[in-house]
Amino acid sequence: MPYTINTPRDQQEMLEAIGVESLDELFAMVPEEIRLGGDLHIPPAMSEMEMTRHMAELAGKNQSTADSVCFLGGGSYDHFVPAVVDFVASRSEFYTSYTPYQPEVSQGNLQATFEYQTLITQLTGMDVSNASVYDGGSAATEAVLMSLAATRRSGRVVTTDTVHPEYRQILQTYLANVDTELITVAASDGRIDLPRLTEQITDETACVLIQHPNFFGSLEDVERIALAAHNAGALLIVSVDPMSLGLLRRPGELGADIVVAEGQSLGTPMLYGGPYLGILACREKFLRRMPGRICGQTVDRRGKRCFVLTLQTREQHIRREKATSNICTNQGLFALRASVYLALMGPQGMRELGNLCLQKARYAAERICQSERFELAFDAPTFKEFVVRDIDGNVDDLLAHAASQGVFAGVPLGKWYPDLADCFLVAVTEKRTQADIDRLVSALRANSRKVAASYA
């Protein structure tokens, strides 16, 4: 990114503009005992040319998906981003603008947000979508908070360990100082144990939070779970992979009351983990409990179509104690990217993309398990992700060796699931070719030969 420093003259002019004579005077309010009291231990200054070269060398140490084959998943995926997404999102009227606070501040931004909401409701089968939140984890947590308010039940929230572990960590943090019990039900063979889950759903339960496809890539019986939740008067929150909805039935058709998702795969690169896009949609009866912003379509005094912020239940617009959320941005640029992506793909494109992910994942699973060292950890049906068990139990060494061969082979699961320390999660997107998958298999088998040789 281009960067021009402030010269000493620039600094002096800024000091004069704010009415102080020196930097010391500017920071006079900082107590002496917490000041550094000396120079920073940093190398001598470089010229622009030297610094450019130095930064390029540092960047060259990164191993990215641009020069490696990526099978990483668990919430961040290496899907293809069409050029038109970057082209539209980089236009200055979108790229440099910020979240609209006033009802009619920018018709262009408001229309883009309205189109995003429309596309998300079509994708999920829900009645209304907000203008997005920070990421999938915060969306799931905001949905739980919505449920607590909507049901007027604060006693219990039920989820399962097939939900992304980092989403559950966020939720646990939010509920730490709230008088609400968070129950996490253990899975069975990579899927929700429905009888065990049903036992935990009581008349004090505000909501049930599940993921479909779940963190292990397995598909859940959403309709039966929805029935169990609704029979107890609880709401069902479903976290989805948007890319699966070209093939799988929409969660709104399966009984979900609130749908959340990580929208990174809809036109945003992996970006080293963020920033991302949190999707949140719900049934119309929960509209006034929804956090964030909602854009509506109306007509102006001349009868022309126009757009406006509506139902602004944020602390900038209403009394703080009645606000539904204090989220300070709607991730508008990433919502725009998702809008362009979905408009470009259309229903048929999403269907073809989902089928590519499904078929390529099947091929990868079959090829990996041709080796006696590997087996699928679960028998459940999957979409684009699956869990592989390393019978030798050397997952860290296995993945490190594959990375040295230019292959990000998967995500180790032992960090979150001690009983799955011998397993790793593999994700296969439409970008992966047969040659890529064969290269993954070769990298894994090369490590197997290496391990076998060390024991010979």
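The values are calculated or read from the model by the stated rules, or taken from the named source; none is laboratory data. If you're wondering where the values come from, they're calculated on a predicted model, not measured in any experiment. Cβ: placed from backbone, ideal geometry, glycine included. Neighbour counts: every protein chain shown.
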- Message: Among the listed residues VAL260, VAL308, identify the single one that is surrounded by 13 or more Cβ atoms within 10 Å (Cβ to Cβ), within 22 Å of the chain's Cα centre (by Cα) and in a strand (DSSP E or B).
- Response: VAL260
- Message: I want to confirm something. Restricting to region 105-139 and keeping residues that are modelled with pLDDT of 95 or more and assigned to a loop (DSSP other than H, G, I, E, B), which single residue is farthest from GLY349 (Cα to Cα)?
- Response: ASP127
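To keep it simple, each residue is scored yes or no on (1) surrounded by 19 or more Cβ atoms within 10 Å (Cβ to Cβ); (2) of a type outside the set (Asp, Glu); (3) out of contact with any His (no Cβ under 7 Å at 6 or more places or on another chain).
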residue: GLU372; (1), (2), (3): no, no, yes
residue: ASP379; (1), (2), (3): no, no, yes
residue: VAL395; (1), (2), (3): yes, yes, yes
residue: GLN405; (1), (2), (3): no, yes, yes
residue: GLY410; (1), (2), (3): yes, yes, yes
residue: LYS415; (1), (2), (3): no, yes, yes
- Reported set for region 57-93 where residues are surrounded by 10 or more Cβ atoms within 10 Å (Cβ to Cβ) and more than 30 Å from ARG168 (Cα to Cα) is SER68, PRO82, VAL84, VAL85, ASP86, PHE87, VAL88, ALA89, SER90, ARG91, GLU93
- Message: Among the residues of region 356-369, are any assigned by TED's automatic domain parsing to the domain that holds ARG439, out of contact with any Ser or Thr (no Cβ under 9 Å at 6 or more places or on another chain), under 18 Å from LEU72 (Cβ atoms) and crowded, with 22+ Cβ neighbours inside 10 Å?
- Response: yes
- Message: Can you tell me which condition ILE279 does not meet? The list is (1) assigned to a helix (DSSP H, G or I); (2) assigned by TED's automatic domain parsing to the domain that holds GLN264; (3) modelled with pLDDT of 95 or more, and all the others hold.
- Response: (1)
- Message: If I go through region 35-56 residue by residue, how many of them are of a type in the set (A, V, I, L, M), under 30 Å from VAL407 (Cβ atoms) and surrounded by 10 or more Cβ atoms within 10 Å (Cβ to Cβ)?
- Response: 1
- Task: For ILE258, work out the one condition from (1) under 22 Å from SER188 (Cβ atoms); (2) in contact (Cβ under 8 Å) with a residue 60 or more places away in the chain; (3) aliphatic (A, V, I, L, M) it doesn't fulfil.
- Result: (1)
- Working carefully through the options ALA150, ALA139, find the one that is crowded, with 23+ Cβ neighbours inside 10 Å and not basic (Lys, Arg). ALA139
- For region 136-152, pairs from a residue that is over 15 Å from LEU182 (Cβ atoms) to a residue that is part of a helix (DSSP H, G or I) and among the hydrophobic types (A, V, I, L, M, F, W, C), with Cβ under 6 Å and 6 or more apart or across chains, are ALA150/PHE286
- Pick from region 178-202 the residues that are among the hydroxyl-bearing types (Ser, Thr, Tyr) and outside any helix (DSSP H, G or I): which of them is nearest to LEU425 (Cα to Cα)? SER188
- Task: Kindly check whether there is at least one residue in region 424-442 that is modelled with pLDDT under 95, in contact with an Asp or Glu (Cβ under 8 Å, 6 or more places away or on another chain), crowded, with 19+ Cβ neighbours inside 10 Å and not hydrophobic (A, V, I, L, M, F, W, C).
- Result: no
- Sole miss for VAL128 among (1) touching a His at 6+ places or on another chain (Cβ under 9 Å); (2) under 22 Å from ARG288 (Cβ atoms); (3) not acidic (Asp, Glu) is condition (1)
- Mind checking which pairs have a first residue in region 179-197 that is touching a residue at least 12 places away in the same chain (Cβ under 8 Å) and within 15 Å of LEU148 (Cα to Cα) and a second that is surrounded by fewer than 20 Cβ atoms within 10 Å (Cβ to Cβ) and of a type in the set (A, V, I, L, M, F, W, C), Cβ under 6 Å, 6 or more apart or different chains? LEU182/LEU175
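Pick out the one residue from LEU266, LEU287 that is within 28 Å of GLN107 (Cβ to Cβ), of a type outside the set (Asp, Glu), in the same structural domain as GLN111 (by TED's automatic domain parsing) and at pLDDT 95 or above.
Selected residue: LEU266, the only one of LEU266, LEU287 that is within 28 Å of GLN107 (Cβ to Cβ), of a type outside the set (Asp, Glu), in the same structural domain as GLN111 (by TED's automatic domain parsing) and at pLDDT 95 or above.
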- Sort out which residues of region 235-257 are aliphatic (A, V, I, L, M), out of contact with any Asp or Glu (no Cβ under 6 Å at 6 or more places or on another chain) and part of a strand (DSSP E or B), and write them in order of number. ILE237, VAL238, VAL240
